[in-house]
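**Student:** Below is the structure I would like to discuss, written out as structure tokens.
Every read-out reported here was derived from the displayed coordinates using simple, explicitly stated rules and does not represent laboratory data. Fair warning: this is a prediction, and the values are worked out from it, not measured in the lab. Virtual Cβ from ideal backbone geometry, glycine too; neighbours counted across all protein chains shown.
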């Protein structure tokens, strides 16, 4: 096996480290918004389906009449 090239093996490992170092709400809020901006609706729903359901996202606003 070759020597590791970088400090972290994968960008997600670096991100985990960054999150541990930046525990303030403003930094985490900014990170969440930046990541969400890179995802499409289906990707966001795939990640947060359970939370969206718990918040009532999928409940109709009102019943449709035939």
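**Student:** Please go through segment 16-48 and give me each residue that is touching a helix residue (DSSP H, G or I) at 6+ places or on another chain (Cβ under 7 Å) and in a loop (DSSP other than H, G, I, E, B), ordered by number.
**Tutor:** Within segment 16-48, 22 is the sole residue that qualifies.
**Student:** Can residue 8 be described as surrounded by 12 or more Cβ atoms within 10 Å (Cβ to Cβ) and either touching a helix residue (DSSP H, G or I) at 6+ places or on another chain (Cβ under 6 Å) or outside any helix (DSSP H, G or I) (or both)?
**Tutor:** yes
**Student:** May I ask you to say which residue of 13, 51 is surrounded by 11 or more Cβ atoms within 10 Å (Cβ to Cβ) and in a helix (DSSP H, G or I)?
**Tutor:** Among 13, 51, only 13 is surrounded by 11 or more Cβ atoms within 10 Å (Cβ to Cβ) and in a helix (DSSP H, G or I).
**Student:** What residue, of 32, 26, is without any contact (Cβ under 8 Å) to a residue 40 or more places away in the chain and either exposed (fewer than 10 other Cβ atoms within 10 Å of the Cβ) or in contact with a strand residue (DSSP E or B) (Cβ under 6 Å, 6 or more places away or on another chain) (or both)?
**Tutor:** 26
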